[in-house]
Amino acid sequence: MTTLVAPGHTASATAQPPTGRRAGRRRRRGPGTWAAAIVVLLVALPVALPVYWVILTAVRRRDALYAVPPKLLPVAIDPGAVAEVFRETEILHWMGTSLLLSTASTAAATLLGVPAGYALSRHTSRSARAYASGVLVTQMMPPLLLLVPIFVVFRESGLTDSLTGLIVADTAVILPLAIWMSKAMIDQIPRELDEAAMVDGCSPWRVLVSVIMPVCRPGLAAVAIYGFIEVWDEFLFAKTLIVSPDRWPASVGLYSFEGQDLIPVNLVMAAAILFTLPPLVLFLITRRGLVAGLAAGAVKG
Amino acid sequence: MTGQPLSRRGFLQGSAALAAVALTGCSGSGSGSDSTGPIAVADPSYTQPAYKTAMDAVTKQFTKQTGAKVNQVAPPSAQYTSAVLTQLQAGSPPDVIRIDDPQLSTYVANGWLLPVDDVLSDLNLKVSDLVPANGDAVIDGKLYGIVKESNPRAYIYNKAIFDKAGVAAPTDLASLEQAIRKTTDARSGQFGIGFNTKQGDPPTLFIQLMPFIYGFDGKFFDGAKPTATDPKTLEALEFIKKLWVDNLVPRGLDAVTINTLVAQGKVASTINGAFVIFQAKTVNAAVAAQLTTAPNPLPGKTTMRASAIWGVPAKAKHPDLGKKYLKALLDPTVQQTFQYNTGVVVARREGITDKFLHENPWFQPIVDSAFSGSAVSYFPQAIGAKGNQAVQIIGNGILDMLYNNKSPEAAMRETQSKLEGLG
Amino acid sequence: MSRPGGRRRSGAAKARTLAQLTMLGPAAVVLVAVFGLPLCYSLFSSFQASGTGFGQLDWIGLAHYQTLLSGRAFWRATLISLIFTGGCVLLTYLAGLVLALLVHRRLPFARTVQVMSIVPWAMPYVAAAMIWANIFDYQYGPLNWVLRDLGLINENAGWLTSPQLALVSVIFVQVWKLFPLAAVMLLSGLQAIPAEQEEAAAMDGAGQWHTVRYVLLPGLRGVSTILTLLMTIWVFGRSFTVIYVLTGGGPADATTTLVLRTFAIGFQQFDTQAASALGTVILVIAGLLTTLYWRFGLRRAEA
């Protein structure tokens, strides 16, 4: 009779994982699988159908955009909108800027946030709790209200209209979740690992880098993806701190399709699709990394 | 691990030094001297091709006269007001900004704008030489901006749709209602008339609804006194409600979407500025060719206008150059280029060429209403900076009437008491 | 396991404190500079009279708060904020959990769905809201037409034009945008649960549901609590674009949350000081919600 071990503690020596993968490929046919298939469908539809509609709208001929009844099938198509997006705007340049911002901010937030999460996980003193709460408090006020003082802070630091400044701001945007998620992940790793390493003479930093982080890889990947997408989409700080149009990230540039008096919906959708592609590609790449980390027996016994 | 040479004190000193460097950084305020620029101009219209041509003409004239360059720094139109507001509040605004009616009194009250009387006096012009809308920019005897465009409202309709429905351009309230009914066909998503009925942008909602209020000679303010329950105002609202209840107007759409629908031939008529027709040309030439104007069929005698002015912020880095940019706008040739390309009413009558009127004969009545002063600003200027709250209260009251199915009297009674509470 | 001698113990403790500082310090600097100082300034300006310039002083104490709390609009917006937040967090969590479980249990096509779900996540809020505004449109939207064709409704539903439905619609779109994030976080939480436990349960003959309930969910408690806490704070105090683009706060204030009110007061009525007061109240409410979590959720997770 095996016992269900509480999470966070490695199982005792009695349970052996058969291989690196999870136990076999046990398929249970029957009503369970069908129910599962229905659930998958229920989740897939609200995701897939709007995406389909976005793509369809992007390639729709302009005069058929408000057709009644709406044409649900791929008819009345004019893929020229995509080309027009490239022609009329600097979307590639914008996306390049966005890429720079997302990558740099995510790297910075991981660099700053994971150690902080580790420290908060291992120390539960009152000051640690105060720090953790403080991190949360920064998220509690609508950022709309902070734009003017933030602008002034950055101006006095000479960081307005600079990508460096925006990277700092974006790092701050994703830091809180990075810190708290790291803390949550590391909470699940038993302290015995830390102590064993420290007995061997490792400093806390060494413990973090060599012992903790390899185990956290799925969590780190999750934080990285979150950070990337969050900064990719961020436009409040971007539009406040960046003045020159040639430094616009794509999130701000997307707004420029909305004319003063007209909205070319198909162009906006075409731009939106292009805008969504890089994070999608990134996710596909990191997904493989996620699985690879697991297969290598990331969770040590 | 062996001890590190880094001591705690050293670490703290280091980070303090780093922070100090970061904060002082290169914060020397704008080192460019006033006479060489480049100046920062912020008007989001620049992203539209017609306005780009127009504004480039201004820039060319400006550079010719001053030798300074111009940077167009406007954020996208949807973000414009909030971004400029942030910059004004933080004390780092561009050198020339676009200001719409709702912001003007607030900006002046906060001391954010420079008087620009000298721009006119340098050209030997008086405010009365310009389009009457420019008078709105005179506050407490000082001029705070030059009209870049003034747009009196016109009754715009799609002649092809009307012909197909067998309807002629309406000449009074009854024929207007009939025209709307005959050109509405729910089955094909066609509506006889369109106006903004979406929350979220109070000034625009107000702009779209005021033509109807004025069209019945109604009003919300008599000077500074609220008159939401004025019988003519209520009559106008009854009319609006009737259109809504009978599904003659699209529901829940903002002004930009309505204009887009007009340009696609899905909305047969609207009361708006002539720029709708010009914008339509860029997206759907076929439909744009069908759009034309007719005299306002509503019984009221007042026409409405909405304007945009260019002003120079008080904390601009190059205020004198900013004023020269305004001066460049007023150059007669520049005015003509501007007007011809964008189709708006510009500040000087000379800007509207016979050539343009010949090509667009329906524009004549618009010009007339603009320069005769019979077109009135939609924004309640008399109550100054409280205007924005008033506009929001009124807009919410009208939306309450439509979406919560209240009678105009009930909705306006509430609105009236809220307006009176503004003080 | 012999401990180091007396002098070296304090050396190790010192090194540990230093490590703590270097681990926590940089993040703190960034957060204080970007958020902390501006937050203090916003708080400070909430005690100034409306129209006060930046950095200037015109103290009126709690007057803004008094006006705020005595107005019906505030309480209405608070109620709507709470409903909106509760609905979003609950549904986001559930949807994310379902997707995470599907992927974790390696159900067919689950991974495909997860990849697809990156699109709602990564799509800019503005575009997402626009397309849903189109889908939900009263007269032109495909949703109404499809439902009518299927015979499910008789006449067009006011997804965004009915005061009752609008709140549901905006919640749906916000959840649509957020649930992939929840799924990714929960999935990594699931993957951190030692595989032996699931195998042990399977060998015991536990069914799917049983495994989920007694092995996986408890294992997720830490991540779940923090995820829902962060989402609550985020949705309550920051969610803006979805509602703004879809309904603008309407119809007739039916979806006007506290954040929407802040925008209206600060950027449409140009009253920064009153808006700051409202922002502070939002912060206080969020703080209260956090304290509740702390009492009931986090303590249990850390136990």
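Using the Cβ-Cβ distance between residue A:35 and residue B:409 with R0 = 56 Å, the FRET efficiency computed as 1/(1 + (r/R0)^6) comes to roughly 0.50. Across all Cα pairs in the protein assembly as shown, the calculated P(r) in 20 Å bins from zero up to the longest distance comes to 12, 42, 33, 11, 2, 0 percent per bin.
Taken as entire DSSP H runs, the helices of chain C that both span 30 Å or more between Cα atoms along their own long axis and average 0.5 or more on the Kyte-Doolittle scale are C:72-104, C:163-191, C:272-293.
Taking the C-alpha atoms only, the angle from helix B:202-215 to the longest principal axis of chain B is near 30 degrees. Give the shape of the stretch C:63-302 as rounded, prolate or oblate, defined through the alpha-carbon gyration tensor: a ≥ b ≥ c are the square roots of its eigenvalues, a/c under 1.5 means rounded, and otherwise the shape is prolate if a/b is larger than b/c and oblate if not. Oblate shape, in that a/c is at least 1.5 and b/c is the bigger or equal ratio.
How many partner chain Cβ atoms sit within 10 Å of a residue's Cβ in peptide A:51-62, on average, as a whole number?
Per residue, the number of nearby Cβ atoms from other chains is 3 on average.
Partner lysines whose Cα lies under 26 Å from the Cα of residue C:14, excluding those fewer than 8 positions away in the same chain, are identified as A:183. Computed about the Cα centre, the dipole magnitude for chain B is approximately 900 debye when only Lys and Arg (+1) and Asp and Glu (-1) carry charge, each at its Cβ.
Please tell me which of these pairs span more than 23 angstrom C-alpha to C-alpha: B:142/B:225; B:52/B:142; B:69/B:126; B:241/B:301; B:64/B:142; B:64/B:327?
Violating the 23 Å Cα-Cα cut-off are B:142/B:225; B:52/B:142; B:69/B:126; B:64/B:142.
For residue A:60, nonlocal amide neighbours, meaning residues 5 or more places apart or on other chains whose placed amide H falls under 5 Å from its own, are A:78. Between 0 and 90 degrees, rounded to the nearest ten: what's the tilt of helix B:319-330 against the longest Cα principal axis of chain B? Helix B:319-330 sits at roughly 30 degrees to that axis.
Going by alpha carbons, how many degrees (0 to 90, nearest 10) lie between the helix axis of B:231-245 and the longest principal axis of chain B? Approximately 90 degrees, to the nearest ten. Using a simple spin-label model with pseudo-atoms 7 Å out from Cα toward Cβ, residue A:205 and residue A:124 lie 2.8 nm apart. A simple spin-label model places the labels of residue C:70 and residue C:148 5.0 nm from each other, with each point 7 Å out along Cα-to-Cβ. Within 10 Å of the Cβ of each residue in B:281-288, the mean number of Cβ atoms contributed by other protein chains is 2. Extension gain residue B:374-residue B:282, at 0.36 nm per residue separation less the Cα-Cα distance, in nm? Stretched out fully, the residue B:374 to residue B:282 stretch lengthens by 30.1 nm. Name the aspartates and glutamates eligible as straight-distance cross-link partners of residue C:177: C-alpha to C-alpha under 15 Å, and not fewer than 8 places from it in the same chain. Counting by Cα, and skipping residues close in sequence, residue C:177 has these aspartates and glutamates nearby: A:230, A:233, A:234. Among the residues of C:216-222, the average count of other protein chain beta-carbon atoms within 10 Å of the residue beta-carbon is 4. Backbone phi angles across the stretch B:138-152, fed through the Karplus curve with coefficients 6.51, -1.76 and 1.60 (θ = phi - 60°), yield HN-Hα couplings of 9, 10, 6, x, 10, 8, 10, x, 10, 5, 8, 8, 10, 10, x Hz in residue order; Gly and Pro are listed as x. What the Cβ-Cβ distance of residue C:54 and residue A:49 gives, at R0 = 35 Å and to the nearest 0.05, is a FRET efficiency of 0.15. Here the Karplus curve 6.51 cos²θ - 1.76 cosθ + 1.60, taken at θ = phi - 60°, turns the phi angles of the stretch B:122-133 into couplings of 4, 9, 6, 10, 10, 4, 5, 7, 9, 4, x, 4 Hz, with x standing for Gly and Pro.
Ranking B:419, B:381, C:256 by Cα position along the charge dipole of the protein assembly as shown, where only Lys, Arg, Asp and Glu carry charges on their C-beta atoms, puts C:256 farthest toward the positive end. Straight-line cross-link partners of residue B:315 among the aspartates and glutamates, defined as a Cα under 15 Å from its Cα and at least 8 positions apart when in the same chain: B:34, B:95. Using a simple spin-label model with pseudo-atoms 7 Å out from Cα toward Cβ, residue C:155 and residue C:43 lie 5.3 nm apart. Rounded to the nearest 0.05, what FRET efficiency is calculated for residue C:164 and residue B:289 with R0 set to 60 Å and r the Cβ-Cβ distance? Calculated transfer efficiency: 0.90.
Every number here is computed from the coordinates shown, using simple stated rules; none is lab data. Just so we're clear, the structure is a prediction, and the values are computed from it rather than from any experiment. When we count neighbours, we look across all protein chains shown, and the Cβ atoms used for this are built from the backbone with ideal geometry, even at glycine.
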